[in-house]
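Take a look at the structure set out below.
Where a number appears in this text, it was derived from the coordinates with a stated rule and is not lab data. Please read all numbers here as calculations on a predicted model, not as lab measurements. When we count neighbours, we look across all protein chains shown, and the Cβ atoms used for this are built from the backbone with ideal geometry, even at glycine.
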Amino acid sequence: MPGISGLADRMIEAGLIESAPDPNDGRAWRLWLMPRGRKALARTKAGVAELNARLTQGFSDAEIDIVARWLSSLQTKFPKGDDE
């Protein structure tokens, strides 16, 4: 499975972020969001908000809370997608 560094490399190549060595820790790199990345983030947030609105349409807040609690319990019971 590709790691975070591969994801960061692809984002750098796409012009979404830039990186530079951390001046205080030679092992670390700092990442900054570039203007193109900010635009992509804004589009993504808008898309997620629209999707969330469509998914929850027709459900009461109480019903959504129940589903959210159930999904949260799944994460607790199966934190890494364990097959057990």
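Some values worked out for this structure:
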{"quantity": "Theoretical gain in end-to-end length, residue 76 to residue 49 [0.36 nm per residue, Cα-Cα removed]", "calculated": "7.2 nm"}
{"quantity": "Folded to 0 to 90 degrees: helix 4-13 orientation relative to the chain principal axis, Cα", "calculated": "70"}
{"quantity": "Principal-axis tilt of helix 35-56 within the chain, Cα atoms, nearest 10 degrees", "calculated": "10"}
{"quantity": "Relative contact order (%) - criterion: Cα under 8 Å, at least six apart; region: the chain", "calculated": "16"}
{"quantity": "Gyration tensor verdict on the chain (Cα atoms; rounded if a/c is under 1.5, prolate if a/b is larger than b/c, oblate otherwise)", "calculated": "oblate"}
{"quantity": "Cα centre as origin, Lys/Arg/Asp/Glu Cβ charges: the chain dipole, Debye", "calculated": "400"}
{"quantity": "Residue 61 paired with residue 20, simple spin-label distance in nm, labels 7 Å along Cα-to-beta-carbon", "calculated": "4.6"}
{"quantity": "Cα lying deepest toward the dipole's positive end in the chain, options 35, 6, 60, charges on Cβ", "calculated": "35"}
{"quantity": "Sites matching trypsin sites (Lys or Arg not before Pro) across the chain that sit in DSSP coil, with at most 13 neighbouring C-beta atoms within 10 Å", "calculated": "27, 80"}
